[in-house]
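Q: First the structure, then my questions, so here it is.
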Amino acid sequence: MLLLGLGWAVSQLLHASTEAPITDVTVYSDRARVVRTVSLQVSGTERLELPLLPEAVDPDSIQVEAEGARVASVEVRAAQPSPFPVTEATRLLSTLDRLGDELSRVSAEHVAHQRQVAALGRIQPKEPGEDSDGANGALAPGGWSASAAFLVDLRTKREARMRELEARMQVLRNELDDRQVDAGRLGALPSPRGFEVRVALTGSGAAKVRLSYLVLQQARWYPRYELQLNPAQQRVQVAFSGLVSQETGEDWTQARLTLSTALPSTFTALPKLTTWKLGTVERFIPTARRTDELPSEPPPLPRPVTPLDVVAELRRELQTRAQGKGAPRPPQKVVQASRPAPTPTESREPAPGASRPSPTARVAPGGDAFVLGNVIDAQSRTPVGDVVVTATSPSLPGEEVTVTDAQGIYRLPPLPPGVYTLRFEKEQFKPYARSDIQVWMQRTVRVNVELLPESLGEVVEISGGPPTIDVASTSTGVGFSLHGASTSDWRPEPVVDRYVGLAPPPGWRRPALDSQLPASLAGGHDLAFTAPRVETVPSGQGERTIPLLLESWPVQVERRVFPALASEAYLVARLKSPSRSALPGGTASLFVGDDPSGTASLPLIVPGEPFTLPLGMDPAVRTARDVRLVQSKEGFISKDDLNTYEVTLEVSNPYPFAMQTHVVDQWPLGWGGDVEATLVRTEPVASQDPKTGVLRWDVVVPASSKKTLTFEYRLKRPQNWKLTQ
């Protein structure tokens, strides 16, 4: 039985230390879902401790699945850093003080001996009569020998002592450097907090456990393209890849990567349609009415003054001493500060191991609160930007002012608790004021407002209760204690619908994302691209290019020439994506053959939908333009001159294949009725725009030949008028 017990203990230890490598990662626009996999043998009930997860992980997203066994329980708790060694820190500071004092003493003694040696070197005999004071005491010549021997012996001893002091100073400096390194290590911030996951499995035989979790705001990817045109084959090679970077604190080594344009964390409530009755009121826009609300909980008591944090002071002192700053101080006795009796607010803090709020939840620092919301047009139901929002209160000296962004969202700076009045002002809208807004300590208050345009003659009054407590999400009634843990006995408050108009409240609003992120470039499509092989993306090491797609597409290439403006030709490709799925937009590097031709921004690429792509200039194709006066008549009766001009355009094709070319030119237009311009002919026939005078030809230039285009126009103007261009 003893052997069996030892074997069971050894197996438990092995299972607890089993590594769970990262096998799959799905990268979204601003986050990533990571999957760890571990294989083990299960016999009965086994307890498995998985690797420590980083602090950026959303604990609510942690999931554990098992194949070949049953998951009996999953325990997730926040990991705390190891306690700070106060005794060791105090002893280290005392050692630093002792070394600093001894180094100062030895250095001072070395300076004194150095000065003595310098003074001894300046002593030398003088000739009779050199004394300025007329002293007649002369040293016998035999005495100089004894004096010189004495001086040499004394100087030798002083130099030997200086060498001993220099060696001692070097030893002290080395030891002081080592102790400063220890101080930097000991005074460094504690290791980042993470989450510990323990799993209990039941079963028998081989099992596979999958741990998945969501990492917030620490990973992202951007789509990139490389398009290489082969003019001879009329095809373009499309290389689609993703630039992936992450700072999650853990390396993705040999993992299967999937890059997605979806928004997995977007939570939304379904919109609710209210009854729409015609003829019940005279006004066209209905009025929002206040709903019954439950009494709110009183604001929490202020937090007592925090006593002196001895650990923080020791850390600060160690960091200062590690950098070689600060004078040595005498050792002080460290006294542990006693914690005062908990207040009623603190007594509600959950016990260790209880569920904690998501790391993304933010609590206002100190006792301040936040007021935010969105402003929309009551008539068009669209967001209103650049609205000046002013907050005033008896508890606020002065006023706080902010402006809504393009999405109509505003956020006031941290405010002290009190009763506030908000004013909303913008040109072309009627001003609106909202009073009796109760702001509590460490709460976020959302106030949504609808402004009426000035063009709307009817005045609509919006009546509603005080704003509800919200934490910048679609859920309400979330309480926070002063330590950041969620309270369990806080009663949720009802939601008051303040939207006025015929449209229902918006049930979903796209989050404000950067225009270069995949979620924005995909145009609302949820696309996913899996890398063809496993990839490694280290944490905090910059961007990594992940190839996703390599295809060859047929392309129609044409040269667009503007002979009147430039002699070169411009390459333009017409494409239709033959891929089976859509591709997000992004930045593309363009190549014609092996030569780079620039960059372009691609839109969302839908299969079968044509789009054009500029490929830069084609210096091999040259054009020429010649203008010739073919007829000139001077008026005698009408006093008008009549001239006819012929314009010849020539496009050369140096390639051994036919070249599709789009030629653009123009003829002048008359002005003011005094000058008349008439297009006589075009050869070949060109499409023309009489309003702008633009002429367009779509021609095919044969291989290794030229194509000539002509057009003729007539100008009629008064005599002696000179026309300039």
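Bear in mind these aren't lab numbers, they're just calculated from the coordinates by the rules spelled out. Because the structure is a prediction, the values reported are computed rather than measured. Every residue, glycine among them, receives a Cβ derived from its backbone with ideal geometry; neighbour counts consider all protein chains shown.
Q: Taking a 25 Å limit on the Cα-Cα distance, which of the listed pairs K639/K722; K576/K707; K633/K722 fall beyond it?
A: As for pairs spanning more than 25 Å Cα to Cα, those are K576/K707.
Q: Please give the length that would be gained between R77 and L550 if that part of the chain were fully extended, namely 0.36 nm times their separation in residues minus their C-alpha to C-alpha distance (nm, one decimal).
A: 165.8 nm
Q: Please list the non-local residues whose amide H lies under 5 Å from the amide H of R559, H modeled 1.01 Å from N, same-chain partners needing a gap of 5 or more.
A: For R559, whose amide H was placed from the backbone, the distant partners under 5 Å are Q660, T661, H662.
Q: Give me a comma-separated list of calculated 3J(HN,Hα) values for the range 429-442, in order, Karplus coefficients 6.51, -1.76, 1.60 applied at θ = phi - 60°, integers in Hz, x for any Gly or Pro.
A: Rounded to whole hertz, the list is 10, 6, x, 9, 10, 10, 10, 6, 9, 7, 10, 9, 5, 6.
Q: Run the dipole for the range 557-718 about the Cα centre, Lys and Arg Cβ at +1, Asp and Glu Cβ at -1, nothing else charged, and hand back the magnitude in debye, nearest 20.
A: Value, rounded to 20: 240 debye.
Q: Amide H neighbours of A262 under 5 Å, at least 5 residues apart or on other chains, H built in the peptide plane: list them.
A: L527
Q: Now a separate question. Using 7 Å Cα-to-Cβ label points, what is the E226/R98 separation (nm, one decimal)?
A: Inter-label distance under the simple model: 6.3 nm.
Q: By its C-alpha gyration tensor, with a ≥ b ≥ c as the square roots of the eigenvalues, how is the range 45-92 shaped: rounded for a/c under 1.5, else prolate for a/b larger than b/c, else oblate?
A: prolate
Q: Using the number of other C-beta atoms within 10 angstrom as an exposure proxy, rank R681, R256 with the fewest first.
A: Ordered by Cβ neighbours within 10 Å, fewest first: R681, R256.
Q: Okay, next question. Taking the number of other C-beta atoms within 10 Å as the exposure measure, put Y420, Y222 in order starting with the fewest.
A: Fewest-to-most ranking of Y420, Y222: Y222, Y420.
Q: If you don't mind, there's one more thing I want to ask. Based on the Cβ-Cβ distance from E65 to R198, what FRET efficiency comes out when R0 is 22 Å, to the nearest 0.05?
A: 0.90
Q: Within 10 Å of each candidate Cβ there may be at most 12 other Cβ atoms; applying that plus a DSSP loop requirement, which chymotrypsin sites (Phe, Trp or Tyr not before Pro) in the range 180-268 survive?
A: Answer by residue number: F267.
Q: Can you list the residues of the range 193-233 with backbone N under 17 Å from a point 7 Å past the Cα of Q541, pointing along Cα to Cβ?
A: What the label zone holds, given the 17 Å backbone N cut-off, is 219-220.
Q: Also, I was wondering about something else. Where does the charge balance sit around E250 when Lys and Arg score +1, Asp and Glu -1, over other residues with C-beta under 13 Å from its C-beta?
A: Net local charge, E250 excluded: -3.
Q: For a paramagnetic label modelled at 7 Å from the Cα of A206 toward its Cβ, which residues of the range 31-46 fall within the zone defined by backbone nitrogen distances under 15 Å?
A: Residues 38-43 fall inside that zone.
Q: Between L565 and E609, take the C-beta separation as r, use R0 = 22 Å, and let me know the FRET efficiency to the nearest 0.05.
A: In this case the efficiency is close to 0.10.
Q: For V86 paired with A112, estimate the spin-label separation in nm (one decimal), with each label point 7 Å from Cα along the Cα-to-Cβ line.
A: Modelled inter-label distance: 4.1 nm.
Q: State the extension gain, in nm to one decimal, for the chain segment bounded by L629 and D177, taking 0.36 nm per residue of separation less the distance between their alpha-carbons.
A: 153.6 nm
Q: Label S601 and F657 with points 7 Å out from Cα along Cα→Cβ: what is the distance between them in nm?
A: 3.2 nm
Q: Per residue of the range 214-222, in order, report the coupling 6.51 cos²θ - 1.76 cosθ + 1.60 (Karplus, θ = phi - 60°) as ³J(HN,Hα) in whole Hz, putting x for Gly and Pro.
A: 10, 9, 9, 6, 10, 8, 6, 8, 10
Q: Shifting gears a bit: Got a sec? Which residues in the range 86-118 would a label at R161 touch, if it sits 7 Å along Cα→Cβ and we count backbone N under 14 Å?
A: Label zone hits: 106-118.
Q: Let me ask something additional. Give a residue-ordered list of calculated ³J(HN,Hα) values for the range 396-401 (Karplus: 6.51 cos²θ - 1.76 cosθ + 1.60, θ = phi - 60°; whole Hz; x for Gly, Pro).
A: With the stated coefficients, the range 396-401 comes to 10, x, x, 8, 10, 10 Hz.
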